[in-house]
Amino acid sequence: MPRQPARMLAFSCHAGPRCRRVPCFRLELHDPSGTIIGGKVADACADHLGDAVQVLARWAAARHLTAGYLQACAIDVQARAAGGCEEPLLASFPFASIPLPS
């Protein structure tokens, strides 16, 4: 079952310093109980969503994590911007849970 997303980590896409787009997706790596594993969270723009999924899935595979899932959330950019805080609570909506391959 998807859990409430963590706080916003960045105001730009995590793809690297070249991408300055506002992230519109958040990916979280969860264990079977729904806890985020090792703080593994990535905020991505639409162009880099697939790359972020692959990076987190490879990280999990390299550590032989087969139980758990990636949770994908759509970020409500307007609601986040309306918060006016330096690090507002992330307004997002889970839309997919991707099981880790076994």
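The values are calculated or read from the model by the stated rules, or taken from the named source; none is laboratory data. Note that this is a predicted model, so its numbers are computed, not measured. Ideal geometry is used to build each Cβ from the backbone, glycine not excepted, and the neighbour counts take in all protein chains shown.
Kindly establish whether residue 52 is under 12 Å from the mean Cα position of the chain (by Cα), in a helix (DSSP H, G or I) and modelled with pLDDT of 90 or more. Yes.
Of the residues in the range 35-42, at least one is surrounded by fewer than 19 Cβ atoms within 10 Å (Cβ to Cβ), at positive phi, outside any loop (DSSP other than H, G, I, E, B) and at pLDDT below 90.
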